[in-house]
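The values are calculated or read from the model by the stated rules, or taken from the named source; none is laboratory data. Nothing here was measured: the structure is a model prediction, and the numbers come from that model. When we count neighbours, we look across all protein chains shown, and the Cβ atoms used for this are built from the backbone with ideal geometry, even at glycine.
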Amino acid sequence: MKHKFQVFSLLTLALFQLSISVNAQTFFKQHPQINPYQYTIVKEQAFQKAAVTSAHPLASMVGAAIMKDGGNAFDAAIAVQFTLAVVYPGAGNIGGGGFLLSRNKEGVLMGIDYREAAPSKAFRDMYLDEKGNPIEGMSRSGASASGVPGSVAGMFSTLPFAKLPMKTLLQPAYELAANGFVITEREARGLNAERKNFIKNSAQASAFTRKENWKAGDTLYQPELAATILRIQQKGKAGFYEGETAAMIVEEMKNSKGIISLEDLKKYTPQFRKPIEFDYRGHRVISFAPPSSGGIIIAQMMQMIAPYPLTVMGANSFESVSLMVEAQRRAYADRAEHMGDPDFWKVPTKTLTSNAYAQARMKDYQPGVAGNSKLIQAGIAKESEQTTHFSVIDEAGNMVSVTTTLNDTYGNKTIVGGAGFLLNNEMDDFSIKPGVPNMYGALGGEANAIQPGKRMLSSMTPTLVTKNNQPYITIGTPGGTTIPNQVFEGLVNVIDHKMSLKAAIDAPRFHHQHMPDMVSVEADFPEATINALKEKGYTITKRGAFGRMEGVMILPNGNRVAAGDKRGDDSVAGY
Ligand code: GLY
C-alpha cells in the first residue's frame, strides 16, 4: 500500500498544478464571505428572499451565493449537488443518483429521476452462488455493487430550468476539490472508519487515504476529482459519460467484478416522473413517484391518519404514535409487493394513493391495539440508511427538493482510479432474491427483481407542500426505509402539532416498516410512550439517531425559514 500513497502524492502535485493553470480560480475570490478553511454550522435562520438547507455548511453557502448572483432554485440545486460531491463524500456524489422534485413559480410540478440503472450485463440472480444463496458482500462492496451513475446526467436535465451556465454552477465544486477545504470532526471520523475499505476496494490510491488518521481542521485536497469536474465543465455530460472519465470507470470495474460498460454510461438517461399529489388538512403534499416508494407511502399514511384528531392526541403520545405505527405497518406492507421501476413493473399508483384505498386498509384498525404483521403477506426490501437531502426556495417562489445517494456511507467504498470519486452500491437496493429473505434478513418482491437497465426501488422522499396553492415547505431526509416515516412524522409535527420547522425536524423519531414487526425509537423518545406501547404488546427497540432532515418553510410574512437537523453538520444559508 505504501507504493499507492507515493504514486498518489506525485499525481496530486501534477494534477493540482494542471488544474490551477487551466481554470481561473474565481468563485471564492468573488465570494470572500465563504471561507472553505473556516466556516460555522448554522442550524436555523429566517431569510427574506431565498434559503438553502443541506448536509454541509459550504454547500448551503454556495447555493445561496449562486441565487444571489442571479441564479434561481434550480441553479442552486445544481451547484449544491456538485458541491456536496466534494465536501460531503459520504453521500454527496457524482457516482450515485437521486431524485429532484420541483414546483416552479408558476406552480408547475416536475420530478427528475436520475436514479442509477442496472448495467446491461446485469441479471436476476447475479448475486447468488450456484446453490442459489446470496454471495456475501457482492451487492454492497466494490465495483460489482454499482449501478450506472445518474447524478451528472440528472443535473444536465435540470439545467434548462436554471439561468446560469453549467460551467459557472460547477465552479465552486471545482475550486473546493482543487484548493481543498477544511473537514469537520464528523467527516474525519467517517474517512478514518472507512480507510481500510477504501484501500481494499479501490485499484489506486486516492485523496481519502493517507498514512495518518484525519482529524477535524485538516484540509482535504481532491485534485483527481477537480480534474473530473473540469472535464465536465469543458465537455458537458460527455465529460463524465464518455472519454477519459468513462474509461476510468470501466477500468475500475476490472478490479472488483464490476460490469458497467462504456455503452451503459453513454446511454444513461434521466426520466421525468409525474409527482404524487394528495391533500392533507388543507395542504397539498407533493412527493416522488416510483421508482421511489416514498411518495406513495406518505400518501397512504397521511390519508390513513387524516380522520383522527392528531392535534388533540399530542406529539409522540401513546395515542398518536400507536395510530401512526399502524398506518406505517399497512403502508410498508404494500411496498415490496407492488413497487418497482414503473418502466419494468406495473405499479398500481392510482389505487395505492387513493383515499378510498387508505380508508379500506384502516378498516381493521382498533385504537390502542397492537397490530400483527404476520397477518399481512407482503415483505420489505432492505436499504441502507446513508443518503443526503437538500431543500431550496428562491426569491421568486421556485421550490426544489433533492434527495441524492451513493446508498451506503461512501457507497461501495471504491474510488474510481484517476477520477477521484466514489461509486454507489445501489444494486443492493434491488431485491437480490425475490420472495426470499436476502442476506440482511429482509424480504423483497418480484416487482424489484434485477433486470438490465432497470432502476432499483428507492425510499427517497423529496417532498413539497403548498397551502392555499402557495409555496409552503420543501423537506426530505436520508435514512433508507426510514425516510418516508421521517417525512411523515416531520409533516405531522408541523401541520398537526404546530411545531416550528426546526422543532419538527429535531423531534425524536419512531419507525415501523411492517417487517420486522417492531417499533424502533431514538434514544430521546419519551419513556412514558415507550412503556405504554410495550404494555399494549408492541416490541420496542431503542436505536441511534436516524436521518438528517433538511427543510425550508415560507412564513406568513414571506420570510424563508431554513432548518438543518440537529443530528449532523447540517447547515442553512440564504439572504
Ligand atoms: N439507497 C437508499 C434509497 O434509495 O432509498
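Residues in region 300-349 that are farther than 18 Å from residue 519 by Cα, buried (at least 20 other Cβ atoms within 10 Å of the Cβ) and among the hydroxyl-bearing types (Ser, Thr, Tyr): 0 in all.
Apart from one condition, residue 100 fits all of (1) farther than 16 Å from residue 462 by Cα; (2) buried (at least 24 other Cβ atoms within 10 Å of the Cβ); the exception is (1).
Within region 245-288, being of a type in the set (D, E, K, R), touching a helix residue (DSSP H, G or I) at 6+ places or on another chain (Cβ under 7 Å) and touching a residue at least 40 places away in the same chain (Cβ under 8 Å) holds for 252, 257, 281.
Output the helices (runs of 4 or more DSSP H) that fall wholly within region 239-306 and possess 2 or more residues being closer than 28 Å to residue 170 by Cβ, or say none. Full working, then the answer.
Working: elements: 243-253, 262-267, 294-305.
Answer list for region 239-306: 243-253, 262-267.
Take residue 157 and decide whether it is at pLDDT 95 or above, among the polar types (S, T, N, Q), under 24 Å from residue 276 (Cβ atoms) and away from the ligand (no atom under 16 Å from the Cβ). In short, yes. Within region 419-434, residues that are within 21 Å of residue 190 (Cα to Cα) reach partners that are of a type in the set (Phe, Trp, Tyr) and more than 9 Å from the ligand (Cβ to nearest atom) with beta carbons closer than 7 Å, at six or more positions or on different chains, in the pairs 422/410. Any residue in region 188-199 that's acidic (Asp, Glu): show its pairings with residues that are not in a helix (DSSP H, G or I) at Cβ separation under 6 Å, as long as the two are six or more apart or on different chains. As it stands, the answer is 194/410; 194/413, since those pairs meet every condition given. For region 48-55, the count of residues that are assigned to a helix (DSSP H, G or I), surrounded by fewer than 16 Cβ atoms within 10 Å (Cβ to Cβ) and either at pLDDT below 95 or touching a Gly at 6+ places or on another chain (Cβ under 9 Å) (or both) is zero.
In region 478-498, the residue that is surrounded by the fewest Cβ atoms within 10 Å (Cβ to Cβ) out of those that are within 16 Å of the ligand (Cβ to nearest atom) and outside any helix (DSSP H, G or I) is 479.
Confirm whether residue 290 is under 30 Å from residue 452 (Cβ atoms), within 16 Å of the ligand (Cβ to nearest atom) and surrounded by fewer than 20 Cβ atoms within 10 Å (Cβ to Cβ). Steps first, answer last, please.
Numbers: under 30 Å from residue 452 (Cβ atoms): yes; within 16 Å of the ligand (Cβ to nearest atom): yes; surrounded by fewer than 20 Cβ atoms within 10 Å (Cβ to Cβ): no.
No; evaluated as a whole, the condition is false for this residue.
Residues in region 457-468 that are hydrophobic (A, V, I, L, M, F, W, C) and at pLDDT 95 or above were compared, and the one that is nearest to the ligand (Cβ to nearest atom) is 460. Considering region 148-214, the qualifying helices (runs of 4 or more DSSP H), each wholly inside and each with 1 or more residues that are closer than 14 Å to residue 80 by Cα, run over 151-158, 166-179. Every condition in (1) in contact (Cβ under 8 Å) with a residue 24 or more places away in the chain; (2) not in a loop (DSSP other than H, G, I, E, B) is met by residue 141 except one, and the failing one is (2).
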